[in-house]
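Single-structure report; data block below.
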Amino acid sequence: MSFDNYDSRSDRYEKRRKNTKLTNLLIVLAVLLSAFLFGMLVFGGGDEEDEVQQDESVELENEQEESIQEDDSESETNPEGDTSDDSSEEMNEEETEEEDMEDENEERETSPGDGEEVREVIEQDWQPYPTEQEEPHTIDLNNGSQDRQEIEQAIAQAVQVSRDDLEYWWLESGGVPDQVIGYVEDKSNQEYYRIPLKWIENEGWQPQRVDVLFENLGKQKLEGQ
């Protein structure tokens with residue numbers, strides 16, 4: 001064996017050893033790089049998600065604070081709540097009632113009485129008070145009867161006074177099958193009225209006029225019976 005052949009084999013062996021080391025080094029570097037990238041992907045992504053969640057939480061808190069501030073501001077502006085709609089409805093109802101009363105007053109006609117019993121006469125085209133009775137109708141003036149209740153309501157309608165504020169002193173038919181005369185007193189101002197009523201078939205009792213009296217003739221009739 002010559003030294004030249006030995007050196008040549010040594011060189012080839014040395015080159016293979018170096019190539020093997022370089023290959024192994026590259027493999028190790030590749031593994032480390034892969035592990036690094038994997039770690040960044042796993043742990044770095046989690047951080048980003050946490051940051052996104054934190055940002056969303058901060059935005060949600062800010063929105064809640066702004067909403068609370070707006071509510072507080074509205075409460076300070078209107079501490080008892082928005083009652084404008086309710087107030088408007090009440091005002092409209094009051095205006096409607098006032099208009100109805102004005103219309104009724106325009107339709108009412110007054111004239112002087114006879115100067116003896118009647119101080120003033122009030123006339124108006126009243127509608128019959130709606131009845132719940134069926135025909136044929138028979139007058140029943142007993143307390144609590146349906147006829148009596150409807151007569152009292154019709155009288156209250158004619159004198160424009162609540163039924164509870166009237167004292168019904170005397171009711172009489174005089175033997176006429178479809179007519180009644182009521183004597184009442186307005187308890188709030190001691191005004192005395194006489195109201196003739198007529199039964200309208202299938203409709204109810206209709207006031208014919210209102211006599212404003214000087215004296216309580218109804219009480220006198222009651223005491224003199």
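When restricted to residues that are part of a loop (DSSP other than H, G, I, E, B) and not polar (S, T, N, Q), segment 145-183 contains 6. Scanning segment 115-169 for residues that are open to solvent by 60 Å² or more (accessible area, probe 1.4 Å) and among the β-branched types (Val, Ile, Thr) returns a single hit, Thr138. Residues in segment 184-209 that are over 40 Å from the mean Cα position of the chain (by Cα) and under 11 Å from Trp126 (Cβ atoms): Ile195, Leu197, Lys198, Gln208, Arg209.
The values are calculated or read from the model by the stated rules, or taken from the named source; none is laboratory data. Computed from a predicted model, the values in this text were never measured in an experiment. Methodologically, a virtual Cβ is constructed for each residue, glycine included, from the backbone with ideal geometry; neighbour enumeration extends over all protein chains shown. What goes into the accessible areas is simple: the full protein's heavy atoms, side chains included, and nothing from ligands, DNA or RNA. Shrake-Rupley method; radii C 1.70, N 1.55, O 1.52, S 1.80 Å.
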